Amino acid sequence: MQYVAAKTADEAVALLVGQSGMARVLAGGTDLLVQLKSGMVEPDLVVDIKRIPGMKDITAEAGGFRIGAAVSGAELGEHAGVCAMWPGVVEGFNLIGSTQVQGRATMAGNLCNASPAGDAVPSLVAADATARVHGPNGARDVAILGIPAGPGRTTLAKGEIITSIFLPARPARASDAYLRFIPRTEMDIAVASAGVSLVLAADGTVESARVALGAVAPTVLLAEEAAKAITGTRLEEDALARMAAACAAICKPIDDKRGTVEFRTKTAGVLAKRAARIAYDRAGAKK
Amino acid sequence: MALDAYQKREFKQVGTRPNRPDGVDKVTGRAMYGADATAPGMLHAKILRSPHAHARIVSIDTSAAEALAGVKAIVTAADFGVPEDDFLRDVQDHCMARGKVLYDGHAVAAVAATTIAAAKAALKLIKVEYETLPHVTDVDAAMKPGAPVVQAGRAYENVPAGMSENVTHHCEFGHGDLDAGFAKADRVVERHFKTAATHQGYIEPNACLASVTSDGKAELWVCTQGQYFYRTLCAALLGMEASQLRVTASEIGGGFGGKTMIYMEPVALALSKKAGRPVKLVLTRDEVFRATGPTVSSSMDVKIGMTKDGRITAAQARLCYSGGAFPNTTVDMGAQAAFAAYDLDAVQTLGWNVMTNRPKESAYRAPGAPLSIYAVESVVDELCQHFGLDPLAVRLLNAADKGTKSSYGPTFDQIGLKATLEAAQAHPHYTAPLGPNQGRGLSCGFWFNFGGNTCVSLNVNTDGTVGVTEGNPDIGGSRASISLMAAEELGIPYEKIRTIVADTSSLGYNDVTDGSRVTFAVGLATIKAARDAIRKMCSRAAKIWGIDEEAVEWVDGAAVPAGPNAGKFPPMTLAEIAAVSAETGGPIAGHYEVNADGAGVSFGVHLCDIEVDPETGATKVLRYTVFQDAGKAVHPSYVEGQMQGGAVQGIGWALNEEYIYGTDGRLQNAGFLDYRIPVASDLPMIDTVILEIPNPGHPYGVRGVGETGIVPPLAAIANAVSRAVGVRMTELPMSPPKLLKALEAKG
Ligand SMILES: Cc1cc2nc3c(=O)[nH]c(=O)nc-3n(C[C@H](O)[C@H](O)[C@H](O)COP(=O)(O)OP(=O)(O)OC[C@H]3O[C@@H](n4cnc5c(N)ncnc54)[C@H](O)[C@@H]3O)c2cc1C
């Protein structure tokens, strides 16, 4: 196995394109190293992207933030601007692993590992964030929802890497939240999860909403009917019940050691309701 | 024997909380654990394991692996004999499959190579041809006639006809007239329970370094709870004499019973013998889950009759335990323990052991007892709920006491159950207010405790310090407790004493660190060894003073003339006597050897408050208090540690821990991600209340405390859940999907 720390995105792309065997991008390594150790993957080439200039930067852009692909959970959690604007994105990302894992793990890594249960992903979908993808044919911006292709698979072509994730600008009275269900309180994997992003109108009703569900289908789901169910409401009980039902209607989970179809379906709706309430309170608290 | 017995005394050091002698090494990472041993020329071993739950091994071709550069030895079952003794043969077959693989993860071959990478590569080159066989992993399915037979011809004669051959063993305990008893009851409740197998979950994976030389001598450095028992087993399987195999126990990163049995040590020895070089073998976590440890899984029926004022009139339990692919008798302990907390006129417990295609069960803290007591305490609680009776009052009304003929035969001596129940009743926890969806549960727990073979040497050094040499790996602070007892008896400060755990060549046979026996039995032997040394020191003083030995006694760490007639001499301290020992007869040492009786049974009561999230079925433990009789808490911090650790393991068992098998018979959660032991943030502080009702069988009144704590949490939590949200969980673990389903079924 060859290890190269690329100095530019173009070099990383060239290395990946040039490798005829198995190649892997290395960000924080908190998924990749575990997979290497257990023998799950045996790549011929590992390209480390952490040393590429800009990969660890968080920069203000067009009223939102561009987050480098090597920014760790701990780093994002300390960024006051992102925390204030996108608390749900930060809380999803910061739920990953432990203090040690937070020092390494990245959002792009969580996204590209493509686990249906990735904790950073639903909030990014709810936020309508985009990933900037660098490849042999240059750069393009892709909606987060367009990256995962199935468990362990992405839509990225050979040689493509994510260099940053962009979180768009927010109007006032907007916020987001993320909740996951795990049988323990930490060091666990989501059995179901929900990210909700809301914008409130001046009268306190929901002007627009985006709801995303994790761990209930092969890839993250954007729950458009669920969002509609709460749009124009103040999250009254019946609106939340309709939202939960809309969530349940699109879940396509599996029965496995972590949870049953029944349980995941029910819990996804419960989490979406609770996350919506949190996002609503956060948005309302903003002046 | 009178001196053995408990004598009331004022303790000066026993009962204090000094730092443990192994503490600095452990917190600075210097302690040597199983995987830390190395030797010149050492090879690394890896084991090839079965991917099938049950299959005949048609052939094993190791030729390609042998040809790989770096590979120095490969062993399979063909490199071992076939022990005649059933137990030994099972132990060996568990370490290395012979003819058939009996569970997913069963070892079929092992490689020793110059690097770990070469050993791993060699495993891929070993060709094993299997003929897969039907398998069975569920205890109830395995009992049915016509179930796939795990091992033929292993059923004992006492197994009733008409059951599958997988049922290897039957037991029965009890007394009185059940029918008459049930007839007297105002209500009889019978419930069926099922519990999943759990793992001890020790953090340190099993590891050893074996070195066999060409003249037949061998060394084994290993992480174990019992170096002597490991020696016995390994020597027998390797055809060696005990004296030629020296086993040294490393520091131990958890065992909880799981390291009382060998799993891969004979394999490392066989590889070393074949390669002529030292061989290190460290299991991965996946291997630990698939091929070491677990507890029994169970299927149980419990029937109890009660009058409306809370008196239990009759009780019966039918227990079916499966300890994996080999016969075992853990169900006996479950059957004996089931009703131990109760004073009953009519009681019967029946037990069956059933083989399934799972790894061989190993001891886990009070083996067998948590399950049967979970079932019993659940039914008692249900009856209390039915009659609207206070569950503590009902336990007190029926509690076993001194003179009670226990449900398993013996009549109890002094026991602490009633005092423990009363302590719980008087505690503020019992009456604290509860919120919505919250409930309080309680359960009694019991364990037998053990004494056993014990051998201690105590050496008085010429500078006035003392070395205690004992033979039991320290899994819970026992070196500190043993040093405290030696210090107390000798009358010198704790800091002057260093206690070490000897290898098998340095001391006589010591039973395994199990049965909550070490502080009791090694403590007893240490006190007696100290008394032996004291006698010798008194005799040295007598010699110096020129008076009779009998005229000298030991007071506060010094020899003094006994009474005015003995003569007037200033006290001679231990240090003063030791300093001149060369002139008075040479080194001074005390010894004691015993097969200790009188361990004294142990009872505990747990109270817990939980809250259920009715929308997700998640159970959160809010408050938890353990009440337990320690006889005498030698080092209270480590007694509390045992009580807390046991409670936490029981909470894990109740809520989330389980072996999950797929329909293919493979273990699906062989790692800590999906085998969910509780993490610190899942738990409140576990409060403890230590009671001290002296054990008549120990000079200081000590009772073992290590195991009882894991017994009550299962029912305590189930009872709390029932009181919080009105559903009775009769299957463990009570994981959120199961609880949510039960809540929905209730409506
Ligand atoms: C103890 C522990 C606990 C964990 N807990 C959680 C948890 O609670 N929730 C959760 O969701 N996950 C958890 N994880 C998984 C992991 O930490 C996260 O998925 C993390 O976000 C991965 O980020 P990384 O930078 O470490 O990825 P890496 O391991 O570096 O990479 C992961 C995958 O993505 C690819 N990749 C990485 N970056 C890029 C890029 N920029 N462009 C293209 N491909 C890329 C890699 O090739 C690899 O296939 C845990 C892991 C551990 C070890």
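The values are calculated or read from the model by the stated rules, or taken from the named source; none is laboratory data. Worth saying up front: this structure is predicted, and the values here are computed from it rather than measured. Note that we place each Cβ from the backbone using ideal geometry, even for glycine, and neighbour counts take in every protein chain shown. Heavy atoms of the whole protein, side chains included, go into the accessibility calculation; ligands, DNA and RNA do not. Shrake-Rupley method; radii C 1.70, N 1.55, O 1.52, S 1.80 Å.
Residues that are small (Gly, Ala, Ser) and assigned to a loop (DSSP other than H, G, I, E, B) within region B:213-242 comprise B:SER214, B:GLY216, B:GLY226, B:GLY239, listed in sequence order. Among the criteria (1) surrounded by fewer than 20 Cβ atoms within 10 Å (Cβ to Cβ); (2) in contact (Cβ under 8 Å) with a residue 40 or more places away in the chain; (3) not in a loop (DSSP other than H, G, I, E, B), the one B:ALA210 does not fulfil is (1).
Screening B:ILE677, B:ILE717 for residues that are part of a helix (DSSP H, G or I) and among the β-branched types (Val, Ile, Thr) leaves exactly one candidate, B:ILE717. Looking at B:LEU237, is it in contact (Cβ under 8 Å) with a residue 60 or more places away in the chain, in contact with a Phe, Trp or Tyr (Cβ under 7 Å, 6 or more places away or on another chain) and more than 25 Å from B:ASP25 (Cα to Cα)? In short, yes.
Within region A:210-227, if we keep just the residues that are within 15 Å of the ligand (Cβ to nearest atom), outside any strand (DSSP E or B) and not small (Gly, Ala, Ser), the residue that is nearest to the chain's Cα centre (by Cα) turns out to be A:VAL220. Condition check for B:LEU655 on (1) in contact with a Leu (Cβ under 7 Å, 6 or more places away or on another chain); (2) at the interface with chain A (Cβ under 10 Å from one of its Cβ atoms): one failure, at (1). Checking each residue in region B:95-120 for being surrounded by fewer than 24 Cβ atoms within 10 Å (Cβ to Cβ), of a type in the set (D, E, K, R) and touching a Leu at 6+ places or on another chain (Cβ under 9 Å) picks out only B:LYS100.
Among helices (runs of 4 or more DSSP H) lying entirely in region B:340-440, which contain 3 or more residues that are open to solvent by less than 40 Å² (accessible area, probe 1.4 Å) and among the β-branched types (Val, Ile, Thr)? Output list reads B:369-387.
Filtering region B:662-676 down to residues that are in contact (Cβ under 8 Å) with a residue 12 or more places away in the chain and open to solvent by 40 Å² or more (accessible area, probe 1.4 Å), which residue is nearest to the other protein chains (Cβ to nearest Cβ)?
So in region B:662-676, the residues in contact (Cβ under 8 Å) with a residue 12 or more places away in the chain come out as B:664-667, B:669-672, B:674-676.
After this cut, where a residue has to be open to solvent by 40 Å² or more (accessible area, probe 1.4 Å) as well, the list is B:664, B:666, B:672.
On the way: B:ASP664: 13, B:ARG666: 11, B:PHE672: 8 Å.
Checking each candidate, the answer is B:PHE672.
Within the bounds of region A:163-179, is there any residue that is within 14 Å of the ligand (Cβ to nearest atom), buried (at least 21 other Cβ atoms within 10 Å of the Cβ), of a type in the set (A, V, I, L, M, F, W, C) and within 14 Å of another protein chain (Cβ to nearest Cβ)? Yes.
Conditions tested, residue by residue: (1) farther than 29 Å from B:ARG395 by Cα; (2) without any contact (Cβ under 8 Å) to a residue 24 or more places away in the chain.
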residue	(1), (2)
B:ASN565	yes, yes
B:PRO570	yes, yes
B:THR573	yes, no
B:SER581	yes, no
B:GLY585	yes, no
B:ASN595	yes, no
B:VAL626	no, no
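For region A:85-100, give me each residue that is open to solvent by less than 20 Å² (accessible area, probe 1.4 Å) and within 9 Å of the ligand (Cβ to nearest atom). Within region A:85-100, A:GLY92, A:PHE93 qualify.
Condition (residue is open to solvent by 30 Å² or more (accessible area, probe 1.4 Å) and over 18 Å from the mean Cα position of the chain (by Cα)) applied to region A:198-206: is it met by at least one residue? Break it down into steps so the answer makes sense when it comes.
Here is the first cut: in region A:198-206, the residues open to solvent by 30 Å² or more (accessible area, probe 1.4 Å) are A:202-203.
From what is left, the residues that are over 18 Å from the mean Cα position of the chain (by Cα) are A:202-203.
Yes - at least one qualifying residue is present in region A:198-206.
Scanning region B:153-182 for residues that are open to solvent by 40 Å² or more (accessible area, probe 1.4 Å) and farther than 21 Å from B:LYS405 by Cβ turns up B:GLY153, B:ALA155, B:TYR156, B:GLU157, B:ASN158, B:PRO160, B:ALA161, B:GLY162, B:MET163, B:GLU165. The residue of region A:116-156 that is farthest from the ligand (Cβ to nearest atom), among those that are open to solvent by 40 Å² or more (accessible area, probe 1.4 Å) and either without any contact (Cβ under 8 Å) to a residue 12 or more places away in the chain or within 14 Å of another protein chain (Cβ to nearest Cβ) (or both), is A:ASN137. Scanning region B:611-635 for residues that are away from chain A (no Cβ under 14 Å) and in a strand (DSSP E or B), we see that the one that is surrounded by the fewest Cβ atoms within 10 Å (Cβ to Cβ) is B:ARG623.
Can you tell me how many residues in region A:17-65 are near the ligand (Cβ under 10 Å from one of its atoms) and either acidic (Asp, Glu) or away from every other protein chain (no Cβ under 14 Å) (or both)? The total comes to 19.
Checked against (1) within 14 Å of another protein chain (Cβ to nearest Cβ); (2) within 12 Å of the ligand (Cβ to nearest atom); (3) of a type in the set (Gly, Ala, Ser), A:GLY103 passes all but condition (1).
Every listed requirement among (1) at pLDDT 95 or above; (2) more than 10 Å from the ligand (Cβ to nearest atom) is met by A:GLY68 save one, (2). For region A:180-205, the set of residues classified as of a type in the set (D, E, K, R), within 10 Å of the ligand (Cβ to nearest atom) and within 9 Å of another protein chain (Cβ to nearest Cβ) consists of A:GLU186, A:ASP188, listed by residue number. Of all residues in region A:221-244, those being closer than 30 Å to B:ASN669 by Cα and within 14 Å of chain B (Cβ to nearest Cβ) number 0.
The number of residues in region B:470-512 that are buried (at least 21 other Cβ atoms within 10 Å of the Cβ), in contact with a helix residue (DSSP H, G or I) (Cβ under 9 Å, 6 or more places away or on another chain) and either assigned to a helix (DSSP H, G or I) or hydroxyl-bearing (Ser, Thr, Tyr) (or both) comes to 14. Considering region A:245-287, and only residues there that are in a helix (DSSP H, G or I) and among the polar types (S, T, N, Q), the residue that is nearest to the other protein chains (Cβ to nearest Cβ) turns out to be A:THR267. Within region B:677-703, the set of residues being among the β-branched types (Val, Ile, Thr), within 17 Å of B:ILE610 (Cα to Cα) and within 14 Å of another protein chain (Cβ to nearest Cβ) comprises B:VAL679 only.
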